[in-house]
Structure formats: C-alpha cells, structure tokens
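See below for the structure under consideration.
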Amino acid sequence: MIAGTSAGTATVTVTSDADNSKTDTIVITISLAEVDVTSVSIDDGATLSLETGATHNLSVTVSPADATTANVTWSISNSGSNATIDSSTGEVTAGSSAGTATVIVTSDADNSKTDTIVITINLAEVDVTSVSIDDGATLSLETGATHNLSVTVSPADATTANVTWSISNS
C-alpha cells in the first residue's frame, strides 16, 4: 500500500529478490485533495450604513481557510438600488440618494454558499457655507410700512437650511 503525503511525484521500483536485474517502475503523481467551501461570511456584519457618495471595502471569510477555490463574487440583489459594487473586490459605492441595497457574496466554487449585508444609504451632511439677506445691507422703511425680507442659504442643498431671525433696535 502507498499513500501520498504531499503534492508531487514519486517513482516506485520493484525488484525481484531472486534476480535483481528483474525490475519494473511506476511514476505516481500526487495531487492535493479538493477542499470544498463550507461557508462564506461577510466580516462587516449583517448591516452597514454609508453616507451618499461614500465607498467601503467589504471583506469576506471563506471557510475552511484551506479551501481549494476561495474566490468569491459580489453582487447587489435589488436592481435599481442606489449603490454599485465591484464584483471582484467587494468595494461598494453609495449613490446620491438615500435608500438601501442588499449585497450578496457568493462562493465561486459552490454558488449555494452565500452571505448578505444590507447597506443603508443616508444623505451626507452638507454644511451651510453662508447666509445672505437678499435685500442687501440696508433697507429704508416708513413708519407703518412692511416688507418681507428673504434670505439665501448656501449651498442650496445644505442639510439644514433653516434660519432664525432676530432684531435689535437702535
């Protein structure tokens, strides 16, 4: 009986005890046994939150660690979601509006081995850079007259564009 202990080749020779000129050989090629994938697991957990426009590199653990084919493919299950993913690297990019995307990782060796993560996309905070009273720096009114003041908040897509008016008399 012969057993392979590591990958490679071995030459086995048999020789007659009665006449050592009588021999035969066989070359045996030993290959690694196939190690099947038993599971894939996204290391980032079941959920992840990203702001619009942000990117994140998802990571995966393939088990067992010595699986013969440990490659995976990334995809997004809900078409029309507001995110994209690089199918080979797992880099997810959040789109420009709020929403959710379900990312799936699938073993290339066994497409029944999958895991998912739900990505929640939140609007990125856009800070106010300036406020400007549209009527200029001065305004003259007669007693009893009224005028509606207006304001421009920049940028126009500031997350919180609310203003508070106050007055001081001199």
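Comparing SER112, ALA156, SER49 along the charge dipole axis of the chain, the residue lying farthest to the positive side is SER112, per the Cβ-charge model.
Which order do the peptides 20-26, 71-77 come out in when sorted by mean C-beta neighbours inside 10 angstrom, highest first?
Result, highest mean Cβ count within 10 Å first: 71-77, 20-26.
Rounded to the nearest 20, the size of the Cβ-charge dipole of the range 26-132 about its Cα centre is 180 debye, with Lys and Arg at +1 and Asp and Glu at -1. Protection proxy ranking, highest mean first, for peptides 52-64, 133-145, 151-163: 52-64, 151-163, 133-145, where packing is the per-residue count of other beta-carbon atoms within 10 Å, averaged. What the pair-distance distribution of the chain shows, using all Cα-Cα distances binned every 10 Å from zero, is 8, 21, 14, 12, 12, 11, 8, 5, 3, 3, 2, 1, 1, 0 percent.
Within the accessible surface of the range 15-170, defined with a 1.4 Å probe on protein heavy atoms only, the carbon and sulfur portion equals 47 percent. When peptides 82-93, 30-41 are sorted by average Cβ neighbour count within 10 Å, with the highest value leading, the order is 82-93, 30-41.
At full extension, SER170 and ASN111 could sit 13.6 nm farther apart than now, given 0.36 nm per residue minus the alpha carbon distance.
The values are calculated or read from the model by the stated rules, or taken from the named source; none is laboratory data. Not measured: the values here are computed from a predicted model. So basically every Cβ, Gly included, is an ideal-geometry build from the backbone, and we count neighbours across all protein chains shown. For accessibility, only protein heavy atoms count, side chains too; no ligands or nucleic acids. Shrake-Rupley method; radii C 1.70, N 1.55, O 1.52, S 1.80 Å.
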